[in-house]
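Heads up: the structure comes next, in structure tokens.
The values are calculated or read from the model by the stated rules, or taken from the named source; none is laboratory data. Since we're looking at a predicted model, the values are computed, not measured. Cβ atoms come from the backbone with ideal geometry, glycine included; neighbour counts cover every protein chain shown. Note: accessible area is taken over every heavy atom of the protein model, side chains too, but ligands, DNA and RNA are not part of it. Shrake-Rupley method; radii C 1.70, N 1.55, O 1.52, S 1.80 Å.
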Amino acid sequence: DKNRIGVFGQSMGGMQAIVLASKHKNIKAICAVSPADKFATVDDFGRHFQKWKNQGFLEVQSSKYGKIKIPYAFIEDIQRYDIADYISKIKRPVLLIFGSKDTTVLPIQTKRLFENANQPKKLIEVKEMDHFYKNNPKFLRLVNKKVVEFFSKQL
């Protein structure tokens, strides 16, 4: 049903959901879990910025692909995107969720996005949840419940 389109993403996927929704008016509701306002600043990737720049890549552990090398050109590209600017263009319901124990994308980053979002908007802080909530059945159930409730109401 083209009148009931919602987008969801977590972390960088949440950032992408916000950018997408800012460009497509047919998206009726947006939910993002732990999105950063600006990538590689105060977040976990930002703490490795100088090393990343010096060696030309950052090696990280992927849950799906093992060790991967992310080229420095990626950071140069993604830092052009200020997600707070994109979210300020959205005039549809937005739900942002973050964990109080997230050290990958700091809670302040998601809170900044909330401050820049238009009404209707909702911010949910999940106590004791970190960035990898999908690995914890309790937090996964809780987040999924909030997301389904939001989309059920908005779409």
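Highest GNM mean-square fluctuation, the chain, Cα pairs closer than 10 Å: which of Asp130, Asp43, Asp77?
Maximum fluctuation in the GNM of the chain, among the listed residues, is at Asp77.
Which of Ile108, Ile30, Ile90 moves the most in a Gaussian network model of the chain with Cα springs under 10 Å?
The residue that fluctuates most here is Ile108.
Once a ≥ b ≥ c are taken as the square roots of the eigenvalues of the Cα gyration tensor of the range 110-155, is the result rounded (a/c under 1.5), prolate (a/b larger than b/c) or oblate (a/b not larger than b/c)?
oblate
Return the sequence-ordered ³J(HN,Hα) values of the range 39-51 in whole Hz as given by the Karplus equation 6.51 cos²θ - 1.76 cosθ + 1.60 applied to θ = phi - 60°, using x for Gly and Pro.
Rounded to whole hertz, the list is 6, 6, 10, 8, 6, 4, 5, x, 5, 10, 3, 5, 4.
Net charge near Arg80, counting Lys/Arg +1 and Asp/Glu -1 over other residues with Cβ under 14 Å of its Cβ?
-4
In terms of the Cα gyration tensor, with a ≥ b ≥ c the square roots of its eigenvalues, is the range 64-155 rounded because a/c is under 1.5, prolate because a/b exceeds b/c, or oblate?
Oblate, since a/c reaches 1.5 and b/c is not below a/b.
Quick one: length gained pulling Gln119 to Ala73 fully straight, 0.36 nm per residue minus the C-alpha distance?
13.0 nm is the gain from fully extending Gln119 to Ala73.
Full extension from Asn136 to Ser100: what is 0.36 nm times the residue separation minus their Cα-Cα distance, to one decimal in nm?
11.5 nm
In a Gaussian network model over the chain where Cα atoms closer than 10 Å are linked, find which of Val42, Val60, Val19 has the largest mean-square fluctuation.
Val60
Number of Lys pairs in the range 1-119 with C-alpha atoms less than 17 angstrom apart, excluding same-chain neighbours closer than eight positions?
16
Over the range 1-152, what is the relative contact order in whole percent, taking alpha-carbon pairs under 8 Å and six or more residues apart?
Computed value for the range 1-152: 23 percent relative contact order.
Scan the chain and hand back the longest stretch that contains none of the trypsin sites (Lys or Arg not before Pro) lying in DSSP loops with at most 15 other Cβ atoms within 10 Å.
Result, exposed sites excluded: 26-63.
Roughly speaking, what is the centre-to-centre gap between the range 1-68 and the range 82-125 when only Cα atoms are used, to the nearest Å?
Result: 13 Å between the Cα centres.
Of (1) 1.05; (2) 1.41; (3) 1.01, which one was derived for Cα Rg over 2.2 N^0.38 Å from the structure shown?
Label (1) holds the value from this structure.
Work through the residues other than Gly99 whose Cβ is under 9 Å from its Cβ and net out their charges, Lys, Arg +1 and Asp, Glu -1.
Residues close to Gly99 contribute a combined charge of -2.
Per residue, how many Å² of accessible area does the chain show with a 1.4 Å probe?
Heavy-atom accessible area per residue stands at 56 Å².
Leaving ligands, DNA and RNA out of it, report the carbon-plus-sulfur percent of the accessible area of the chain at a 1.4 Å probe.
That share works out to 52 percent.
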